[in-house]
Amino acid sequence: MFENGDELARDGEPDALRRCPSGSGRASLRPLVRENKYGAMILLHRAKSNIADTDLRDRVERQLDWEPEVPTVDIGVTAEDGVVSLTGFVNTYAEKLAAERVALKTYGVKAVANDIQVKPLFKKTDADIASAALNALKERVDVPDEKIKLAVKDGWITLEGNVDWYYQKNAAEFAVKYLAGVKGVTNSIKLKPQVSTIEVKDEIEDALKRHAEVDARRISVQAADGKVTLRGNVRSWFEKVEAGTAAWAAPGVTEVSNQISVVP
C-alpha cells in the first residue's frame, strides 16, 4: 500500500509508526503513517528537500510542538523555498488557525499553505451553528450586527453586509470563527470609503513611522479609491502583517493589497 519502505506498525503496537530520523526533540518523533481518531490512515509525506528546507521544516515542527494550543500529532509539515505546507486533521477551526499562526511566526517562513482539515468531534447542524453565530454577533459591542447577514453550509460560515470600519469587519469574523462546529469562515463584508485618497496615504505613512515593529523606510504606500497597495521588503512575516494591519486601520480603506516581500 505504501511505497519507499513505508509500512504500518507491527501487531500489538496500535500507535507504533515509522518515525522520521531527521530533526530533534518531539519533532523527530513525528509519524509518517498513523491512524487518526476517525479511523482513517493518514500518510504524512516527507518530500526530498535541500538542507535549508529541512532545517525550516524542523524549526516549524519544533515550534508547533512547543505551543500547547496546537495538537501536533495529526499535523504534517513540509517546506520548500520558504513556503511551508500544513496538512492533516484537527478538531476545531481554532486549532487550524493556531497552527497557521505559529508556522507564520517561525523564523525563515515566507508563506504558509494551510491544508489542514477540520473534523469536529461533535457534529452540529448548520442551523445550530447559524443560531450560535447570530447570538455571538449580537453580543459584540464592536459589531453592527444589524448590518451583517450570515449563511452556514456544512459548517462553513459566510459573512456578508456593509460596515464603516475594518475593525468592525474583523470583529465580526472573530466573533464566529471560534464557535463549536465551525469548519471555516469566509468574510465577504464590505467597507464604505469615507475620506480622500491623499488623506489615506498620509495617515498610513504616519502610522507606519510610529509603529515600533515596522521599518517604514522599507515600505512604500499607494492609495486610490479606498484601495491601498503596500510594497517593499521586511525581515519577517509578522512585520508584513503588522504593516497590513496599520494600513487597514486608516479611515476609508476598503481593500489592502499587501505585496511586501519577506526577506529574513
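The values are calculated or read from the model by the stated rules, or taken from the named source; none is laboratory data. What you see is a predicted model, and the numbers here were worked out from it, not measured in a lab. All Cβ positions, glycine included, derive from the backbone under ideal geometry; neighbour counts span all protein chains shown.
Tell me which residues, restricted to segment 52-67, are polar (S, T, N, Q) and closer than 16 Å to Ala98 by Cβ.
Step one: of segment 52-67, the residues polar (S, T, N, Q) are 54, 63.
Result: Gln63, single match.
Are any residues in segment 117-152 closer than 23 Å to Val90 by Cα, β-branched (Val, Ile, Thr) and surrounded by fewer than 14 Cβ atoms within 10 Å (Cβ to Cβ), and if so, which ones? Listed by number, the list holds a single entry, Thr125. Looking only at segment 133-147, residues that are under 23 Å from the mean Cα position of the chain (by Cα) and either modelled with pLDDT of 95 or more or aliphatic (A, V, I, L, M) (or both) come to 4 in all. The set of residues in segment 149-178 that are within 20 Å of the chain's Cα centre (by Cα) and β-branched (Val, Ile, Thr) comprises Ile157, Thr158, Val176.
Within segment 212-238, the residues that satisfy the criterion of being assigned to a loop (DSSP other than H, G, I, E, B), surrounded by 15 or more Cβ atoms within 10 Å (Cβ to Cβ) and not aliphatic (A, V, I, L, M) are Asp215, Gly226, Ser236.
Condition (residue is surrounded by fewer than 18 Cβ atoms within 10 Å (Cβ to Cβ), among the basic types (Lys, Arg) and more than 30 Å from Ala133 (Cα to Cα)) applied to segment 191-208: is it met by at least one residue? Within segment 191-208 (the criterion being surrounded by fewer than 18 Cβ atoms within 10 Å (Cβ to Cβ), among the basic types (Lys, Arg) and more than 30 Å from Ala133 (Cα to Cα)), the answer is yes, since at least one residue qualifies. Checked against (1) assigned to a loop (DSSP other than H, G, I, E, B); (2) not assigned by TED's automatic domain parsing to the domain that holds Asp164, Val182 meets all criteria but (2). Among the residues of segment 68-80, those identified as of a type outside the set (Gly, Ala, Ser) and modelled with pLDDT of 90 or more are Ile75, Val77, Thr78, Glu80. Residues that are at pLDDT below 95, over 30 Å from Ala79 (Cα atoms), outside any helix (DSSP H, G or I) and over 24 Å from the mean Cα position of the chain (by Cα) do not occur anywhere in segment 113-124.
For segment 138-179, name all the residues that are part of a helix (DSSP H, G or I) and polar (S, T, N, Q). Before you say what the answer is, go through the steps one by one.
Taking segment 138-179 first, the residues part of a helix (DSSP H, G or I) are 138-139, 145-147, 166-177.
Residues satisfying the conditions are Gln168, Asn170.
Pairing each residue of segment 85-110 that is farther than 18 Å from Ser261 by Cβ with any residue that is aromatic (Phe, Trp, Tyr) and in a loop (DSSP other than H, G, I, E, B), provided the two are 6+ apart or on different chains, yields C-beta distances under 8 Å for Phe89/Tyr38; Thr92/Tyr178; Tyr93/Tyr178; Ala94/Tyr178.
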